[in-house]
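Remarks on the structure that follows.
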Amino acid sequence: MVHVGAVVHDTLMELGGPEPTIEQLRSFAPAKADEAERRRLRLALVTCWLFGERGFRSRDLGARALEFLSSAELRELAGLVDAAKLIGDGDRREELARLALRALGLRPDGETPAQAQDRLATVSSVEAARLFRESQAAEQRAREVREAMARKAAQEAADKAYRE
Amino acid sequence: MTDSDAERFPLLTDPGRAMLKRLREHPHAPRYTMECGNRVTADDLVRLQAFEQFLRETPLDWAEGALPGWLDAHLERAYAQVPAYRRRGPRPARFEDIPTIDRGDLSRAPWDFVPDDAALDGLIVHKTTGTTGQILRVPTHPVVSSGSFPLLKVVLERLGVSLTAGPGDVGVVLVGWQRKAFTYPSVTPQWGDAGHLKLNLHPDDWRDPDDRARFLDDLDPEIYTGDPVAFEVLLGLGLRTRPRALVSTATTLLPGLRSKLEAGFGCPVVDLYSLNECNAVAVARDGVYELIQPRLYVEILDPQGQPVSDGQRGEVTLTGGFNFYWPLIRYRTNDYACRIWRDGRPVLADLEGRAPVLFRTPTGERRSGLDVTYALKHMPLAQYALHQATDGALTLRYSGAAARPDQLRDALLEVFGPNQALELVETDLFATPGEKMRQYESDAVT
């Protein structure tokens with residue numbers, strides 16, 4: 001069994017701190033964890049492994065890293081993609097790497113901020129899920145309006161003062 | 001399912017109930033062909049009163065060479081809420097770079113132009129063919145339909161005609177002249193449930209043709225609205241009573257008929273340029289059309305969709321309007337005019353709207369374009385145009401994959417008689433760019 005809170009603590013210290021408080025680490029050591037929580041914790045571990053990259057060390061990146069590890073975005077990603085896939089699948093690996101870099105305020109060498117953002121949007125599962133939800137909502141709304149119009153077209157309209 | 005009076009007239013008062021009874025049971029009343037009401041609720045009435053005040057108090061806030069101040073917020077909201085616009089991606093920085101839309105766009109997917117944040121509970125649908133023969137289902141609302149009353153009232157006030165109809169009076173009578181038409185009695189809640197009628201002056205709609213004058217003289221309406229063909233018939237009835245004004249819509253009112261009607265009725269004859277897509281746009285005054293909607297931007301475009309200079313002729317193109325189910329952006333109307341400036345205000349000159357068209361049958365009887373519209377209204381046509389040659393032969397050009405030529409032929413021969421020469425042509429080409437598409441044309445003498 002891995003104590004995720006301890007891994008997070010050590011990772012943040014490696015990045016240059018500051019040292020997280022017990023309160024800040026509490027969410028990484030829940031008394032009980034359901035499947036969603038376990039997925040989040042597994043993803044937190046993979047992310048810590050990523051943050052363990054030598055080039056990140058001692059660069060005062062601890063606060064940024066903690067913010068990302070505690071973020072709703074990471075929680076949502078964990079719900080969408082299993083941690084194993086974030087390692088084994090090329091696109092998913094790139095997605096996590098880019099999210100982690102953005103969280104630390106960095107970007108891949110040779111990319112402009114716009115290119116980095118554009119590439120992240122392309123591989124982002126969270127973004128794809130958002131677009132899917134939006135397109136589903138748009139389809140649902142279009143269907144509702146179409147159906148309402150068909151229904152109303154068969155009914156009486158309302159009078160007007162003049163013909164148009 | 002037929003609605004009840006409670007649904008048609010949610011705010012019906014005792015005088016309103018008495019008025020409906022009078023209009024329905026009058027000994028000289030026509031045979032009404034349908035039921036239709038105002039559907040105005042208490043909330044709607046408040047909105048209509050606010051709309052009337054807005055029309056009175058709000059000037060057109062655009063100056064020569066500039067765009068109106070309200071336009072940016074309209075575009076912002078439309079691009080955020082309307083699927084058809086949002087799908088295009090970010091809004092172009094320059095207004096002139098925003099793509100135009102036309103009747104075909106609205107006809108193909110009318111629901112795509114309904115904003116996401118518009119509640120659908122008050123939705124109603126008006127079906128129309130307009131002048132292009134392209135079937136349009138307009139999503140609208142009782143506030144928008146009844147908005148025609150305050151609009152009319154404010155426009156007439158500016159021309160010196162006050163409307164004061166109240167409980168027990170008859171306000172507006174809309175007249176037509178067709179073989180078959182939808183006709184009904186109604187009341188106008190914002191005018192104390194004054195009577196409102198849609199009538200057909202064709203003798204077939206009446207038990208006795210003389211009932212037309214008896215009925216209308218007894219009602220003594222404050223104004224008549226209608227098209228020039230119907231007004232000519234109205235003039236021929238020899239009414240004793242006099243309205244305060246005639247308001248001509250839907251087709252072009254020619255100056256000769258206008259003078260004749262003014263002399264015959266002893267009242268002003270007002271020509272309103274109005275479209276189903278956005279209600280009344282402009283009113284004729286001193287040789288030009290004055291714009292009447294404070295939140296409707298009018299530009300004139302060339303065939304490539306580029307704005308022309310003021311004074312140059314092109315297609316009337318609209319942005320805005322008060323139908324909140326259809327916030328228009330650069331809608332090309334297929335009507336042609338010049339925009340010029342008079343006393344610091346934009347007006348339309350040389351407006352080429354919809355010329356009234358009469359056809360004749362092989363036996364010499366007259367048929368209006370509306371008769372044809374009525375006959376074809378249930379056909380699955382995307383668009384159609386009917387032309388009558390000097391020898392009386394008809395050509396129907398149409399598009400619509402599901403349309404059956406035998407049914408089209410039957411429907412038209414029902415109007416014109418079995419001996420009518422008729423050719424059917426299936427086509428997608430109804431007008432060349434820059435040319436006004438004409439739904440009805442006749443070279444025959446009627």
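For the reader, a short list of remarks on this structure follows.
- Tally of residues being aliphatic (A, V, I, L, M) and not in a helix (DSSP H, G or I) across region A:109-164: 4
- In this entry, residue B:185 passes the filter for residues that are buried (at least 21 other Cβ atoms within 10 Å of the Cβ) and over 16 Å from the mean Cα position of the chain (by Cα).
- Residues located in region B:338-389, provided they are of a type in the set (Val, Ile, Thr) and modelled with pLDDT of 85 or more: B:340, B:347, B:361, B:363, B:372
- Considering only residues in region B:1-49 that are free of Cβ contacts under 8 Å to residues at least 40 places away in the same chain and of a type in the set (Val, Ile, Thr), the one that is farthest from the other protein chains (Cβ to nearest Cβ) turns out to be B:46.
- Filter result for the condition that a residue is part of a strand (DSSP E or B) and in contact (Cβ under 8 Å) with a residue 12 or more places away in the chain, over B:253, B:257, B:272, B:239: B:272
- Residue that is farthest from residue A:139 (Cα to Cα), among those in region B:67-108 that are among the hydrophobic types (A, V, I, L, M, F, W, C) and loosely packed, with under 14 Cβ neighbours inside 10 Å: B:93
- Being within 15 Å of residue B:294 (Cα to Cα) and touching a residue at least 12 places away in the same chain (Cβ under 8 Å) is true of residue B:324.
- Every residue from region A:6-26 that is more than 25 Å from residue A:93 (Cβ to Cβ), touching a residue at least 24 places away in the same chain (Cβ under 8 Å) and in a helix (DSSP H, G or I): A:13, A:24
- Spans of strands (runs of 3 or more DSSP E) in region B:289-386 with at least 1 residues of a type in the set (Phe, Trp, Tyr) and surrounded by 22 or more Cβ atoms within 10 Å (Cβ to Cβ): B:296-301, B:328-342, B:358-360
- The set of residues in region B:307-329 being touching a Lys or Arg at 6+ places or on another chain (Cβ under 6 Å) and modelled with pLDDT under 95 consists of B:310, B:315.
- Scanning region A:107-164 for residues that are more than 14 Å from chain B (Cβ to nearest Cβ) and of a type in the set (Asp, Glu), we see that the one that is surrounded by the most Cβ atoms within 10 Å (Cβ to Cβ) is A:111.
- When the criteria are applied in full, residue B:206 meets the requirement of being more than 24 Å from residue B:267 (Cα to Cα) and aromatic (Phe, Trp, Tyr).
- The set of residues in region A:29-55 being out of contact with any helix residue (DSSP H, G or I) (no Cβ under 8 Å at 6 or more places or on another chain), hydrophobic (A, V, I, L, M, F, W, C) and in a helix (DSSP H, G or I) consists of A:49 alone.
- Residues of region B:216-226 include at least one that is within 11 Å of another protein chain (Cβ to nearest Cβ) and at pLDDT below 95.
The values are calculated or read from the model by the stated rules, or taken from the named source; none is laboratory data. Keep in mind it's a predicted model, so treat the numbers as computed, not measured. Here the Cβ is made from the backbone with ideal geometry for all residues, glycine too, and neighbour counts use every protein chain on show.
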